[in-house]
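The values are calculated or read from the model by the stated rules, or taken from the named source; none is laboratory data. What you see is a predicted model; the values in this text were computed from it and never measured. With ideal geometry, Cβ positions are generated from the backbone for all residues, glycine too; neighbour counts draw on all protein chains shown. Heads up: the accessible areas ignore ligands, DNA and RNA and are worked out on the full protein's heavy atoms, side chains in. Shrake-Rupley method; radii C 1.70, N 1.55, O 1.52, S 1.80 Å.
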Amino acid sequence: MLNIAYIGDGKSTNRYHIPFSSQVEEITIKTIQARSGHNEMWDEVPGATYVKDVKDIWNDSEIDLVVICTPPQSHYKLAKEALMNGKHALVEKPFAETSEEARELFVLAEEKNLFLQCFQNRRFDSDFLTVQKVIESGVLGDIVEAEMHFDYFRPEVPENAKGFERFESFLYTHACHTVDQVLSYFGDPLDIHYDVRQLLGEGRMNDYFDLDLNYANNLKVSVKSSYFRLKGRPSFVVYGKKGTFVKETKDRQEEHLKLFYMPTNADFGLDLPEHYGTLYYMDDAGQYHEEKVVSEVGNYSLIYEGVYESIVNGKEKVVKDDETIRQLEILEEGIQEMKNY
């Protein structure tokens, strides 16, 4: 059994963590720290103790793992405190402010013989898993290009932001999902072309990015996002020498969570036929095919299953240390490119 405590009692903890950690039988949510008391927007977790002082977590010898779900500016400090108090730690993304902070934390975790990992749940998005299935089927042939889009039409967000803040930038808040997906599947690129912008002008919020990650054999993987897309681009488009796969819609787990439709429902997060991606390809006989691909099932609980297996059974981490460090380097480089634009 793994006893865990959450630091933070907001949307991150209650929407993106507890519904999934609760699905793992070997995990018990023992304590939740909320500085102002329990957040009444969310139901209390049965059996959990709510505390205001984080020291109540550090001083509890029964707590094995601390999950840090606070604003990103506090991640480094709290992760370091957790490790210094002998606790394993799972940290929301972005993991830290800089790659240097991340390196320091991973060194400390190794010295203390403790588990430390970034919470990269988007590796288990349905659309991303489906893309992997199609690529690995070989029907597209050699892959030459992949495009990943995470678009919104929320102009009020950048319009209401009066200055630039790294942790409020679109790159830090959203590329922390998509860049991790790229690194986890395609690996570390040979080089990257950055186009990171402030569409509303200098000194305003970063509200757009377009990153081209280049690999061997001329493979290009593009990660693109904008706050000004009334009609969003497809979630994924993959081009191979024999065909193309287009997945228009995103994973539906977040959609259901926002409706308080929980993973306890059998159809949670499942795509309907209208959400399935379309595969276009030429077969070996030169015949054209166009067909729907049934989506893989997304499941954020797999992150927690992996955490349990790593801590209790010594299995390799789902999210490797060097992947987290490299992602932060890419975010840092992107912001620097924007400033030099």
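Please go through the stretch 137-182 and give me each residue that is under 12 Å from the mean Cα position of the chain (by Cα) and open to solvent by 40 Å² or more (accessible area, probe 1.4 Å), ordered by number. T173 - this is the single residue of the stretch 137-182 that is under 12 Å from the mean Cα position of the chain (by Cα) and open to solvent by 40 Å² or more (accessible area, probe 1.4 Å). For residues that are polar (S, T, N, Q) and within 26 Å of F170 (Cβ to Cβ), scanning just the stretch 313-337, find the one that is surrounded by the fewest Cβ atoms within 10 Å (Cβ to Cβ). So, considering only residues that are polar (S, T, N, Q) and within 26 Å of F170 (Cβ to Cβ), the one surrounded by the fewest Cβ atoms within 10 Å (Cβ to Cβ) is Q336.
From the residues in the stretch 160-194 that are part of a loop (DSSP other than H, G, I, E, B) and among the aliphatic types (A, V, I, L, M), which one is modelled with the highest pLDDT? Quick ask: steps written out before the conclusion?
Narrowing the stretch 160-194 to residues part of a loop (DSSP other than H, G, I, E, B): 161-165, 169, 187-190.
Retained after the next criterion (residues that are among the aliphatic types (A, V, I, L, M)): 161, 190.
Working: A161: 91, L190: 98.
Only one residue tops the list, namely L190.
Yes or no, residue by residue, for (1) open to solvent by 30 Å² or more (accessible area, probe 1.4 Å); (2) over 17 Å from Q132 (Cβ atoms); (3) in contact with a strand residue (DSSP E or B) (Cβ under 9 Å, 6 or more places away or on another chain); (4) hydrophobic (A, V, I, L, M, F, W, C):
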| site | (1), (2), (3), (4) |
| --- | --- |
| G240 | no, no, yes, no |
| G243 | no, no, yes, no |
| F260 | yes, yes, no, yes |
| T264 | yes, yes, no, no |
| Y276 | yes, no, yes, no |
| Y300 | no, no, no, no |
| I303 | no, no, yes, yes |
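Looking only at residues of the stretch 66-92 that are surrounded by 22 or more Cβ atoms within 10 Å (Cβ to Cβ) and under 16 Å from the mean Cα position of the chain (by Cα), we find that the one that is nearest to E165 (Cα to Cα) is H75. Cβ separations smaller than 6 Å between residues 6+ apart or across chains give the following pairs from the stretch 316-337 residues that are of a type in the set (K, R) to residues that are surrounded by fewer than 19 Cβ atoms within 10 Å (Cβ to Cβ) and not in a helix (DSSP H, G or I): R326/D188. Is the stretch 284-294 home to any residue that is part of a loop (DSSP other than H, G, I, E, B) and either open to solvent by less than 10 Å² (accessible area, probe 1.4 Å) or within 26 Å of D125 (Cβ to Cβ) (or both)? Among the residues of the stretch 284-294, at least one is part of a loop (DSSP other than H, G, I, E, B) and either open to solvent by less than 10 Å² (accessible area, probe 1.4 Å) or within 26 Å of D125 (Cβ to Cβ) (or both), which makes the answer yes. Report, ordered by the first and then the second residue, all pairs with beta carbons closer than 7 Å, sequence separation of six or more or different chains, a first member in the stretch 197-208 that is modelled with pLDDT under 90, and a second member that is assigned to a loop (DSSP other than H, G, I, E, B). As it stands, the answer is G203/G163; G203/F164, since those pairs meet every condition given.
Pairs meeting the criteria (first residue in the stretch 70-83 and hydroxyl-bearing (S, T, Y), second residue open to solvent by less than 30 Å² (accessible area, probe 1.4 Å) and assigned to a helix (DSSP H, G or I), beta carbons under 8 Å, at least 6 apart or on different chains) are T70/L78; Y76/L105. For residues that are modelled with pLDDT of 95 or more and either acidic (D, E) or closer than 24 Å to F236 by Cα (or both), tally how many sit in the stretch 283-319. Number satisfying all stated conditions: 21.
Filtered by the rule that a residue be in contact (Cβ under 8 Å) with a residue 60 or more places away in the chain, within 30 Å of K292 (Cβ to Cβ) and not in a helix (DSSP H, G or I), the stretch 103-138 gives Q120, D125.
Does I57 count as open to solvent by less than 50 Å² (accessible area, probe 1.4 Å) and farther than 18 Å from C118 by Cβ?
On the way: open to solvent by less than 50 Å² (accessible area, probe 1.4 Å): yes; farther than 18 Å from C118 by Cβ: yes.
Here the answer is yes, as I57 does meet what is asked.
Show me the strands (runs of 3 or more DSSP E) entirely contained within the stretch 210-263 in which 2 or more residues are under 10 Å from E145 (Cα atoms).
The qualifying strands (runs of 3 or more DSSP E) are 220-226, 236-240.
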